[in-house]
Amino acid sequence: QVQLVESGGGLVQAGGSLRLSCAASERIFNRMGWYRQSPGKQRELVAAISIGGTTNYANSVKGRFTISRDNAKNTVYLQMNSLKPEDTARYYCNFRTLAATDYWGQGTQVTVSS
């Protein structure tokens with residue numbers, strides 16, 4: 001069973017930075033991404049990166065967040081700069097295989113204070 005282990009969440013002041021990471025125990029994944037969910041809201045895609053390095057971002061984070069991956073380590077990163085209170089959410093990593101099977105991390109809380 002593939003396991004995803006997330007790290008890097010926490011409490012930060014507005015304007016600050018955090019770096020999230022998520023590592024898989026095995027397997028090569030086609031797409032890696034980060035989603036977030038706030039209370040009362042639907043889970044939304046924050047950023048994703050293909051195995052070839054193509055990225056896409058939610059409009060709300062463009063220019064502030066950067067997603068990257070290390071295929072040798074089966075790890076995806078999310079560098080979050082210029083954080084805003086509206087970025088407060090639980091962040092989940094998502095790994096998708098070539099067969100379109102999804103795996104999810106347990107989530108890590110990011111709280112941005114104003």
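A few notes on this one:
- Considering residues of the stretch 24-58 that are closer than 21 Å to LEU83 by Cα and charged (D, E, K, R) only, the residue surrounded by the most Cβ atoms within 10 Å (Cβ to Cβ): ARG36
- Within the stretch 67-95, tally of residues that are open to solvent by 40 Å² or more (accessible area, probe 1.4 Å), among the acidic types (Asp, Glu) and not in a strand (DSSP E or B): 1
- Applying the set (1) modelled with pLDDT of 95 or more; (2) part of a strand (DSSP E or B) to TYR103 leaves exactly one unmet item: (1).
- When the criteria are applied in full, LEU98 meets the requirement of being in a loop (DSSP other than H, G, I, E, B) and modelled with pLDDT under 95.
- Candidates VAL2, VAL61, VAL112, VAL12: the one that is among the β-branched types (Val, Ile, Thr), in contact with a Phe, Trp or Tyr (Cβ under 6 Å, 6 or more places away or on another chain) and surrounded by 13 or more Cβ atoms within 10 Å (Cβ to Cβ) is VAL2.
The values are calculated or read from the model by the stated rules, or taken from the named source; none is laboratory data. In this text, all values refer to a predicted model and were calculated from it rather than measured experimentally. Positions of Cβ are backbone-derived with ideal geometry, glycine not excepted, and every protein chain shown enters the neighbour counts. Remember, those area values only see protein heavy atoms, side chains included, never the ligands or the DNA or RNA. Shrake-Rupley method; radii C 1.70, N 1.55, O 1.52, S 1.80 Å.
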